[in-house]
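Asker: My questions will all concern the structure given below.
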Amino acid sequence: LEPNLEQKITKLAFQLCNIPSLTYHEGEVLKFLLAWCDGLSTEKIPVGDDDTRFNLLIYAKKKPRYSVIFCTHIDTVPPFIDASLKDGMLWGRGSCDAKGIAAAMLMAFREEHKAGFDDIAVLLTVGEEESSDGAKACNEILAGRADFLVVGEPTELKAASAQKGSLVFDLVAVGQEAHSSLPHLGDSAVHHLIKCLDELLAITWPCDELFGETFLNIGEVSGGRARNMLAGQAIAKCIMRLSVASQQIVKLIESRLAPQVRMDIKSVSEPFSYVVPQGFKSFIAGFGSDAPYLRGVGRAMLIGPGSLDLAHQDNEHVLVKDLSAACLAYRNIAAQVRAGKF
Ligand SMILES: [Zn+2]
């Protein structure tokens, strides 16, 4: 490893982390990246009508197909936390998930380019932390553009062999408002929703030998307007990690819903398998990534530095030496692809 390469990766990761980019508000960090790409070519892949939000494909030479596209997301969960460096670690929002990874990928791409290879590109997506709307917008536009798509998420540099599916949905209960002293005039959406959530929590979800258990998380619940009123509406935002086909789970949930509660599905991905590069430990990922939404782009691998345990936490951080190890790992994967190892 070139002695100052680690410093370069760290500096870039630090700069990226210091620009807030909560999902749907990625514009500033994209501006920074466009400036960073001075001298390289970039393609903006639009997402919806908002022209401040786009995915960014970066390369040195335009090609119909790349050996490898390194891909990660540049949006983060809230709240924004300032970047800082101490004890050989980069702290702050996105340090681990996934701006540190973006920095490692960008530097791996640069090093490969310096070494004379123009068969690598980098794809930075928006929207991964909500519904992967960025990745979804890329799938067709970038169809067949890569032999392999290396997706970066914090996996402690292990390579996922498989990833659970995910089912993102809201449960929306509709009732009738009334004064709390006159319950016969109304119908509480909050009460309906709570009963329904209680039922879902009691379900034993199906398992699969390869993909493991299925989990439900009810992450955010809101509803009603005042203590003294029956609630007209209530909503629960849920996500499930699936080890079986989504259709089976959707049917199971719908069979438990009261007529006052409906299921609004926001996004679905099915359980998914990955290519495991040589020399890496493998594991089954319980979390989601953009990869299933980019299945048309190329065969996928999933690997990145940092621990998922620290992602989405207030103490999010990553070891600087893990970022440089990731840069080497990404270059190693590119070399394996060129050598036709898969
Ligand atoms: Zn992530």
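Asker: Take every Cα-Cα pair in the range 87-210 and report what % of them are more than 18 Å apart.
Answerer: Tail of P(r) above 18 Å: 74 percent of Cα pairs.
Asker: Starting from the coordinates of the alpha-carbon atoms of the chain, obtain the Kirkwood hydrodynamic radius over all distinct pairs and give the value in Å to one decimal.
Answerer: 21.2
Asker: Also, quick follow-up: In whole Hz, with x marking every Gly and Pro, tabulate ³J(HN,Hα) for the range 183-194 from phi via Karplus 6.51 cos²θ - 1.76 cosθ + 1.60, θ = phi - 60°.
Answerer: Listing the rounded values in order: x, 5, 8, x, 7, 7, 5, 4, 5, 4, 5, 4 Hz.
Asker: Let me ask another. Tell me the relative contact order for the chain as a rounded percent, counting alpha carbon contacts under 8 Å between residues six or more apart. Display every interim value, and only then the final one.
Answerer: On the way: 809 pairs, mean separation 84.0, N = 342.
After rounding, I find 25 percent.
Asker: In sequence order, what are the phi-derived ³J(HN,Hα) couplings for the range 42-48 according to the Karplus relation 6.51 cos²θ - 1.76 cosθ + 1.60 with θ = phi - 60°, rounded to whole Hz, with x for glycine and proline?
Answerer: Values, residue by residue: 9, 10, 8, 10, x, 10, x Hz.
Asker: Taking Cα atoms, how many degrees apart are the long axis of helix 5-17 and the longest axis of the chain, rounded to 10 and kept between 0 and 90?
Answerer: Around 30 degrees separate the two axes.
Asker: While we're looking at this one, here's another question. Taking the Cα atoms only, what angle lies between the long axis of helix 320-338 and the longest principal axis of the chain, rounded to 10 degrees?
Answerer: That works out to roughly 70 degrees.
Asker: Okay, moving on. Stokes-Einstein at 37 °C, 0.692 mPa s, Kirkwood radius from Cα pairs: D for the range 254-342 in µm² s⁻¹? Please list the in-between numbers first.
Answerer: On the way: Rh = 16.4 Å.
After rounding, the answer is 200 µm²/s.
Asker: Per residue, how big is the convex hull around the C-alpha atoms of the range 201-246? Give it to me in cubic angstrom, could you?
Answerer: Details: hull volume 3.9 nm³, N = 46.
Taking the convex hull of the Cα positions in the range 201-246, it is 86 Å³ per residue.
Asker: For the range 236-250, just list the computed ³J(HN,Hα) in residue order, Karplus coefficients 6.51, -1.76 and 1.60, θ = phi - 60°, integers in Hz, with x standing in for Gly and Pro.
Answerer: Values, residue by residue: 10, 9, 10, 9, 10, 9, 9, 10, 10, 4, 4, 4, 4, 6, 4 Hz.
Asker: Hey, another quick one. Express the relative contact order of the range 77-225 as a whole percentage, based on alpha carbon pairs under 8 Å and six or more residues apart in sequence.
Answerer: Numbers: 92 pairs, mean separation 18.3, N = 149.
Dividing the mean separation by the residue count of the range 77-225 yields 12 percent.
Asker: Report, by chain and number, residues whose modeled amide H sits under 5 Å from the one on Val47, excluding near sequence neighbours (fewer than 5 apart, same chain).
Answerer: Asn55
Asker: Still on this structure: For n ≥ 4 DSSP H runs only, could you compute -39500 (n - 2.57) per run for the chain, divide by its residues and tell me the 222 nm figure to the nearest 500? Intermediate values should be presented prior to the final figure.
Answerer: Working: 7 runs with 92 residues, N = 342.
Mean residue ellipticity, 222 nm, calculated: -8500 deg cm²/dmol.
Every number here is computed from the coordinates shown, using simple stated rules; none is lab data. Since the model is a prediction, treat every value here as computed from it, not as a measurement.
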